[in-house]
Amino acid sequence: MTMEARVLVVDWLRAASTWDAEMDLTDETLVDTFLRRAGQSGFTCELVPVDVAGSIRYDSHWTHLGSSFVGFKQSATEDTPLTALLAGCSALLQNQWCRDRLARILG
């Protein structure tokens with residue numbers, strides 16, 4: 001899932017004219033850039049540690065203007081905070097309602 005999530009985020013950032021060709025393509029840069037742009041549309045992502053059979057994993061939970069989504073499919077629990085954030089960014093982009101709000105910052 002990480003590669004698919006990464007491609008989706010990179011494609012959106014490029015379409016949003018947010019991506020400078022000189023920027024590195026590290027997951028950290030992708031996530032930071034996406035979170036800044038999503039924040040301009042009122043989205044906030046919270047990273048939540050989850051105990052899974054004695055091992056800490058991570059979920060990303062999105063809100064929009066402080067409200068949780070009804071019927072929004074949050075991303076799966078991931079092993080690291082970074083992969084959880086990347087998966088969360090991808091999940092946001094896979095939801096049409098969210099994409100519509102993100103598109104407003106492109107105009």
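With the requirement that a residue be without any contact (Cβ under 8 Å) to a residue 40 or more places away in the chain and in contact with a Phe, Trp or Tyr (Cβ under 8 Å, 6 or more places away or on another chain), what does the range 71-90 give you?
Residues satisfying the conditions are 72, 74, 77, 78, 79, 80, 81, 84.
So residue 13 clears everything in (1) farther than 15 Å from residue 101 by Cα; (2) modelled with pLDDT under 90; (3) in contact with a Leu (Cβ under 9 Å, 6 or more places away or on another chain); (4) not in a loop (DSSP other than H, G, I, E, B) except one condition, right? Which one?
(1)
Would you mention how many residues in the range 46-77 are in a strand (DSSP E or B) and either within 14 Å of residue 101 (Cβ to Cβ) or over 13 Å from the mean Cα position of the chain (by Cα) (or both)?
First, the residues of the range 46-77 that are in a strand (DSSP E or B): 46-52, 55-64, 67-68.
Next, from what is left, pick out any that are either within 14 Å of residue 101 (Cβ to Cβ) or over 13 Å from the mean Cα position of the chain (by Cα) (or both): 48-52, 55-58, 62-64, 67-68.
Of the residues in that region, 14 qualify.
The values are calculated or read from the model by the stated rules, or taken from the named source; none is laboratory data. Only a predicted model underlies this, so the values are computations on that prediction, with no experimental measurement involved. We place every Cβ from the backbone using ideal geometry, glycine too, and count neighbours over all the protein chains shown.
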